[in-house]
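Reading through the structure tokens given below for one structure.
The values are calculated or read from the model by the stated rules, or taken from the named source; none is laboratory data. Everything quoted here is computed from the prediction, not taken from an experiment. Note that each Cβ is placed from the backbone with ideal geometry, even for glycine, and that neighbours are counted across all protein chains shown. Each accessible area value is taken on the protein alone, full model and side chains, heavy atoms only, with ligands, DNA and RNA left out. Shrake-Rupley method; radii C 1.70, N 1.55, O 1.52, S 1.80 Å.
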Amino acid sequence: HTLKGFSVFVHASVKIFKKLVDLFMVFALIFMCASTMFFISSVDSSACPVDEGSGEYEGEYCTLEESMSKVFTLFFGTLEASDFDVPGPTRATLVIFNIIVIILLLNIIIAVMSDCYADVSNSAELIFWDHRFELIQDVDAITQCINNLFSCYFKNDP
């Protein structure tokens, strides 16, 4: 029964990965769109002052790389109070992004994983017992062949 649990886990992992490939593509699209939206809404605002020494923008969403880095951390729910110290359009984008990602998409992932694991667990019990009965039938067939093969040596003549 120990191997049954491990095989259920491996089979469920493969099934979950296959079902989540499309969802990962949606995550990538949302990631790129959100990063670009944060960058565009922040770059021309007062939240991105230009450093006079280097001529570069300073701020969380002022370059596309910084925006992508911040959105990546937001995917994992690391929202801080300082994240809301941004202009109005960026703040609205931040709220909408958090609602979509944290509430909607993570619940979809949890639901898909739970559903896949339940399906695999239910079918695993049937597959386990089917293989067990096949093994019993094979052992029975082998013992019958051996009995038939050696039956002439074990006959008792009266």
*Could you check, for segment 51-64, whether at least one of its residues is at pLDDT 70 or above and either charged (D, E, K, R) or open to solvent by 60 Å² or more (accessible area, probe 1.4 Å) (or both)?*
yes
*Say we look at segment 66-105 and pick out the residues that are out of contact with any Phe, Trp or Tyr (no Cβ under 9 Å at 6 or more places or on another chain), open to solvent by 30 Å² or more (accessible area, probe 1.4 Å) and at pLDDT 75 or above; which of these is farthest from L23 (Cα to Cα)?*
A92
*segment 1-23 - residue that is modelled with pLDDT of 75 or more and open to solvent by 100 Å² or more (accessible area, probe 1.4 Å) and, of those, nearest to E65 (Cα to Cα)*: D22
*Is segment 118-141 home to any residue that is modelled with pLDDT of 80 or more, in a helix (DSSP H, G or I) and in contact with a Ser or Thr (Cβ under 6 Å, 6 or more places away or on another chain)?*
no
*Output the residues belonging to segment 109-138 that are under 16 Å from the mean Cα position of the chain (by Cα) and among the polar types (S, T, N, Q).*
S114
*Looking at (1) modelled with pLDDT of 80 or more; (2) of a type in the set (D, E, K, R); (3) open to solvent by less than 50 Å² (accessible area, probe 1.4 Å), can you tell me which one D115 breaks?*
(3)
*Tell me, which residue of segment 141-151 that is open to solvent by less than 80 Å² (accessible area, probe 1.4 Å) and of a type outside the set (V, I, T) is nearest to the chain's Cα centre (by Cα)?*
A141
*Are there any pairs, at least 6 apart or on different chains, whose C-beta atoms fall under 6 Å, with the first in segment 96-113 and under 16 Å from T78 (Cβ atoms) and part of a helix (DSSP H, G or I) and the second at pLDDT 80 or above and open to solvent by less than 90 Å² (accessible area, probe 1.4 Å), and if so, which?*
F97/A34
